[in-house]
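J.: Quick one: this structure, given as structure tokens, is what I'll be asking you about.
The values are calculated or read from the model by the stated rules, or taken from the named source; none is laboratory data. In this text, all values refer to a predicted model and were calculated from it rather than measured experimentally. Don't worry about glycine lacking a Cβ; one is built from the backbone with ideal geometry, like all the others, and counts go over all protein chains shown.
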Amino acid sequence: MVLPASSLLPSLTLAHVLDAAGLDPADVLLMRHPMSHARAREALELGTLREYVSWQRENFPARHRYWLNFRGEEGTSARLEACYVNAGHLGEGRFDLQETQILADLNGRLVIDWGSGTRSWAQNGTTGERKQVLAILERPAAPFPGFERLVLSFGELSEVVSQPRRYAQWHTALASVNAVYLIVDTVSGKQYVGSAYGHGGLLGRWSEYVATSHGGNKRLIEELLVDPVAVKRYQYSVLQILPRTATVDDVVAVETLYKDKLLTKDFGLNAN
């Protein structure tokens, strides 16, 4: 017999999340702050949630060690904002709430179904077994900083290149331009000037470095044969952006100018 969807137990609940974090539900207080509440909305928008939550009515229960705070969203859904540790009741309805890293990786990402009792904005953690996990969202990427401020380690570049959905804004920007770029060994100080043009723009060229570590450059290959982990020290930045309409000769001319300015053929990693 196939059970109707409405009668199926959720596969993943808030109780499972609490268990994975090593939290006893009896020690947890769940709080949902609806955006329709003016003071709660202001605290969420201004980043003063901890200060706002620390003041409660005089007879507010003080036994819970961990306070999980959720932002009320559409319907009965709720998004995790922060977990605070209750370090003690200070009297007159004020609590000493401390920042914690508990579940911090899920802040803004964990979305649960609070259930039908949304008017009950504060509930015991034991109700977590009835609160279905609706989504654990992908970590948002930092906004593209602009080409002038773009400075990436090899690890950071690898992350950007390998996660096109998360870094969609970055991919669009990097693929839209030709460029002259700089690679620096942050330990030896040696520099390499390169250029990106044609299909894929700067994104296409830098993707080759992620795939090969050296991008086919002679002296970089030689450096990495001697010290294969040297790539972890490399830093990537942009010297000059050129439009996609620039010819190959235009891009190479600018690249050559920077090689001459920085003496990368004499003292750096450019072979020609």
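J.: Restricting attention to the range 96-117, report how many residues are surrounded by fewer than 19 Cβ atoms within 10 Å (Cβ to Cβ), in a strand (DSSP E or B) and not charged (D, E, K, R).
T.: 1
J.: Being β-branched (Val, Ile, Thr) and either modelled with pLDDT of 95 or more or not assigned by TED's automatic domain parsing to the domain that holds residue 54 (or both) is the filter here, so list the residues in the range 66-107 that pass it.
T.: Here is the first cut: in the range 66-107, the residues β-branched (Val, Ile, Thr) are 76, 85, 100, 102.
Correct list: 85, 100, 102.
J.: In the range 119-161, what residues are assigned to a loop (DSSP other than H, G, I, E, B) and touching a Pro at 6+ places or on another chain (Cβ under 9 Å)? Walk me through it before giving the result.
T.: We begin by selecting, within the range 119-161, every residue assigned to a loop (DSSP other than H, G, I, E, B); these are 119-121, 131, 137-146, 150.
Selection gives 121, 131.
J.: Among the residues in the range 184-198, are any assigned to a loop (DSSP other than H, G, I, E, B), surrounded by fewer than 19 Cβ atoms within 10 Å (Cβ to Cβ) and of a type in the set (Val, Ile, Thr)? Spell out how you get there, then give the answer.
T.: So the first thing to find is which residues in the range 184-198 are assigned to a loop (DSSP other than H, G, I, E, B), and the list is 186-190, 197-198.
From the residues that got through so far, the ones that are surrounded by fewer than 19 Cβ atoms within 10 Å (Cβ to Cβ) too are 186-189, 198.
The next check asks that each one be of a type in the set (Val, Ile, Thr); those that pass are 186-187.
Yes: the range 184-198 contains one or more residues that are assigned to a loop (DSSP other than H, G, I, E, B), surrounded by fewer than 19 Cβ atoms within 10 Å (Cβ to Cβ) and of a type in the set (Val, Ile, Thr).
J.: Give me a count of the residues in the range 216-272 that are in a helix (DSSP H, G or I) and either among the β-branched types (Val, Ile, Thr) or in contact with a Pro (Cβ under 6 Å, 6 or more places away or on another chain) (or both). Explain how you work it out, then say what you get.
T.: Within the range 216-272, the subset in a helix (DSSP H, G or I) is 218-226, 228-233, 248-262.
With the extra rule that they be either among the β-branched types (Val, Ile, Thr) or in contact with a Pro (Cβ under 6 Å, 6 or more places away or on another chain) (or both), the set shrinks to 221, 226, 229, 231, 248, 251-252, 254, 256.
Here the count works out to 9.
J.: Among all residue pairs at least 6 apart or on different chains, which show Cβ distances below 7 Å where the first residue, located in the range 42-70, is part of a loop (DSSP other than H, G, I, E, B) and the second is of a type in the set (Lys, Arg) and surrounded by fewer than 18 Cβ atoms within 10 Å (Cβ to Cβ)?
T.: Here the result reads 54/94, each pair linking the range 42-70 to a residue that is of a type in the set (Lys, Arg) and surrounded by fewer than 18 Cβ atoms within 10 Å (Cβ to Cβ).
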